[in-house]
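Peer 1: Got a structure for you, written out below as structure tokens; questions coming shortly.
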Amino acid sequence: MKDKVRVTAADLPRGSQGILRGFALGYPGAYEEFPWGERVVKVKGKVFVFLGRDDDGLGLSVKLPQSRLMALGLPFASPTGYGLGKSGWVSVQFAPREKPPMDLLRAWIDESYRAVAPKRLAATLPGTPPAPKARAKKAAAARTRKVL
């Protein structure tokens, strides 16, 4: 059985981390856990953003299947450790007084959620193209077979 962590108002992050935490928790099915003493946000048992600890400024890790290469070109980004970087995870770190690019970080959290969440949940988000109907796929496959 997993240990439950009781979070009080004093434990909630402030500043940029608090804003990004609230943003991430706004996604369908999102919830917070604290494995290894770090704050993470999950969907259906899978982490989509690591928010780390509250010390040493803002740090986070997200899965970026589309924008990974662009992200790694930025001075504050690096491949996530523990082999996660090979799977598209990127980590960023900002000093306590440094102002992070919040719009960019929100976009990355969105990309990470869409990459990790079950397709059915991700499909409920605005801007997600509708999935092709199964019948349309079968009909297209049948036409292709007839042509060949």
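Values in this text are rule-based calculations from the coordinates and carry no lab data. Here the structure is a predicted model, which means the values were calculated and not measured. Using ideal geometry, Cβ is built from the backbone for each residue, glycine included, and neighbour counts are taken over all protein chains shown.
Peer 1: How far is it, in nm, from the label point at D56 to the one at W36 when both lie 7 Å from their Cα along the line to the Cβ?
Peer 2: 1.2
Peer 1: Ok, one more. Treat the count of other C-beta atoms within 10 Å as a stand-in for reagent exposure and order I109, I19 from fewest to most.
Peer 2: Working: I109 23, I19 16.
Least crowded to most crowded, the residues run I19, I109.
Peer 1: Stretch S67-K86 to full length: gain in nm at 0.36 nm per residue minus the Cα-Cα span?
Peer 2: Extra length from S67 to K86 when fully extended: 5.4 nm.
Peer 1: What list do you get for F48, F23, F76 if you sort them by fewest beta carbons within 10 Å?
Peer 2: F76, F23, F48
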